[in-house]
Ligand SMILES: [Zn+2]
């Protein structure tokens, strides 16, 4: 399988750089394709004109087990997010530790072109203070409010949580910052309780309200139901609805779909992480949400799609975690083709098998010669280079290309693959049970008396 980069009609390729979304309209006008996304019926009336991207790669993304970023890496990612046109960048959680607080404070002073720099706080005064100490101008204050969390995690009454939330928001607002109220696990909270705490938050001064699908439990239609009922409920009780935002986890692979469903109900702030990094299965990937909004919905996100790939590569490098090859938009194989029939089609017209021109995201198509074909691809390449070849010469070129790939036997390829996997595991193993109890013994001078259940500890 040989890879030829940037094959395809050059004129078309050059056009793509400037054509952007009009390319689909052009094909439609020529009667060559249908585009159901453009049907008025399929564009919900509440669709916003502009969506603002709120990125949590530096807050939630780093909660990926064993991921740790240096200060330089954090700043680099934050700057790239800013340059890409992300509206809000959540840079961390100052109350976590003194070290985290210092890092957030330094980032807040780095100077950004246009993004609002935010840092998270629980609904406690000390957490808000930690953010204010960093010179942060926007604070997402988060708390859950459903029975499960009140009983097993916060161990507080509803009244207490309401009181803390109101006090914290008022306190932050007195210091002139933007406050986003984030309702954790909102997707598993009864509607009347969501409305109760959202109303309290707005009356206390919250500027935006965030519905978090903390365990990725919603379906797109349930998301639309939830958003529309929250919106209507607030409109009824407050006579206004502040900007709404959603934070969707990807436990069922629905983070992007649920985020888009919320936008269909008028939500204009979407939370993402680069390449979908984050706890467990991660959160809605920045590049998927942006590409879908820009290309499938024709909504302006303010994000320069050409910067998405570079951002993903930087995050992959800093996180030392590989992005899956077939990941939409930023995966290695997102624009790679091997099946001979597809390759032939690509040569005739690239959009035959391309969902959108890869140039839109500053990428190139990659055509591979498969085991079963490749003659036509080689012939086209030679023609383009002005080389005249006899049919037997083309056959010979194809034969030689294939034998190169096949000289690497399957066993050898698998060995390399497992070595890479083993090294990856070593890179992110956390600490072992033995190492954990060794540390405990060094500090307490005691050995465990009863067997303890195993626990993976995040390092460092
Ligand atoms: Zn989250």
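The values are calculated or read from the model by the stated rules, or taken from the named source; none is laboratory data. Remember, predicted model here, so these are calculated numbers, not experimental data. Note: ideal-geometry Cβ built from the backbone for every residue, glycine included; neighbour counts use all protein chains shown.
General remarks:
- Under the condition of being more than 16 Å from the ligand (Cβ to nearest atom) and either part of a strand (DSSP E or B) or buried (at least 17 other Cβ atoms within 10 Å of the Cβ) (or both), the residues counted in the range 210-219 number 0.
- Check on residue 181, assigned by TED's automatic domain parsing to the domain that holds residue 234, buried (at least 16 other Cβ atoms within 10 Å of the Cβ), in contact (Cβ under 8 Å) with a residue 24 or more places away in the chain and within 18 Å of residue 230 (Cβ to Cβ): yes
- Within the range 186-193, one or more residues are within 16 Å of the ligand (Cβ to nearest atom), within 21 Å of residue 153 (Cβ to Cβ) and not in a helix (DSSP H, G or I).
- Residue in the range 277-287 that is more than 16 Å from the ligand (Cβ to nearest atom), at pLDDT 95 or above and either assigned by TED's automatic domain parsing to the domain that holds residue 144 or buried (at least 24 other Cβ atoms within 10 Å of the Cβ) (or both) present: yes
- Flag if residue 224 is touching a residue at least 24 places away in the same chain (Cβ under 8 Å) and within 14 Å of the ligand (Cβ to nearest atom): no
The rows are residues; the columns are (1) surrounded by 17 or more Cβ atoms within 10 Å (Cβ to Cβ); (2) part of a helix (DSSP H, G or I).
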{"site": "92", "(1), (2)": "yes, no"}
{"site": "95", "(1), (2)": "yes, yes"}
{"site": "113", "(1), (2)": "no, no"}
{"site": "126", "(1), (2)": "no, yes"}
{"site": "163", "(1), (2)": "no, yes"}
{"site": "171", "(1), (2)": "yes, yes"}
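- Just so you know, in the range 26-71 the residues that are closer than 21 Å to residue 118 by Cβ and part of a helix (DSSP H, G or I) include one that is nearest to the ligand (Cβ to nearest atom), and it is 63.
- Among the residues of the range 288-306, the ones that are touching a helix residue (DSSP H, G or I) at 6+ places or on another chain (Cβ under 6 Å) and surrounded by fewer than 20 Cβ atoms within 10 Å (Cβ to Cβ) come to 3 in all.
- Some residue of the range 368-380 being modelled with pLDDT under 95, at positive phi and crowded, with 21+ Cβ neighbours inside 10 Å: yes
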